[in-house]
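Derivation of every value follows stated rules applied to the coordinates shown; laboratory data play no part. Remember, predicted model here, so these are calculated numbers, not experimental data. Positions of Cβ are backbone-derived with ideal geometry, glycine not excepted, and every protein chain shown enters the neighbour counts.
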Amino acid sequence: MYDVDAKKVLTLKKEDMQFAYRKSILQEKRCILLNAKFALVQKEKSEILEKINENISKRQKTQPSLKTPNAGSIFKNPEGSSAGALIEQVGLKGKTIGGAQISELHANFIVNLGTAKSSDILELMFFTYNEVEKKFNIKLKPEVIFIGEKTEAEDRIWQRLQN
């Protein structure tokens, strides 16, 4: 992995990564995973293909196409609820700011319509955060991580989303 702050490549063992559900050292350090080795379980080809096809079918029905640029789930699911369901209940599917849009297929995805800037995505995230908080008194927490330089305006929005 590349440590952004130290500006060097690190090699870590599984234990060093501190893996847990939707958590690892990557959330605590400004790092970029460059490669990984996996220990796989051997299965019959037909069983593997069946599982692959099930997963593809489910995702095609519920998530934006892989051809549409997006960062995956934008907000973590709050305890006992679904971020996507809350955003949908607020009526934000299709909401657009600049080149960023809340997916019409799954409300917890922000898609890039081709011209989105990081500021468009952050503004849309903050708008969504505020609307969900107003209606449900729930503060959504970002699941995505902002890596890179931020303008002052982007940093202000990002800091508000962290609280």
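Side notes on the structure shown:
- Relative packing of 41-51, 107-117, 90-100, which averages over residues the other C-beta atoms within 10 Å, highest first: 107-117, 90-100, 41-51
- Computed over the alpha carbons of the chain, Rg followed by Dmax gives 17.9, 53 Å.
- Taking label points 7 Å from Cα along the Cα-to-Cβ direction, E104 and F126 give a separation of 2.8 nm.
- Within straight-line cross-link reach of K61, aspartates and glutamates at Cα separation under 15 Å, skipping those fewer than 8 residues along the same chain: E104
- Applying 0.36 nm per residue to the separation of I32 and K139 and subtracting their alpha-carbon distance, the gain on full extension is 35.8 nm.
- Extension gain for A153 to K8 (0.36 nm times residue separation, less C-alpha to C-alpha distance): 49.3 nm.
- Among the listed pairs K13/K93; K14/K45; K8/K58; K51/K93; K14/K93, a Cα-Cα separation exceeding 31 Å is found for K13/K93; K8/K58; K14/K93.
- Summarising the label geometry, the points placed 7 Å from Cα in the beta-carbon direction at S81 and E50 lie 3.9 nm from one another.
- Evaluating 6.51 cos²θ - 1.76 cosθ + 1.60 at θ = phi - 60° for every residue in the stretch 150-163, the Karplus couplings come out as 10, 6, 4, 5, 4, 5, 4, 5, 4, 5, 5, 5, 7, 8 Hz, glycine and proline recorded as x.
- Proxy reagent accessibility, fewest Cβ within 10 Å first, across T62, T11, T128, T68: T11, T62, T68, T128
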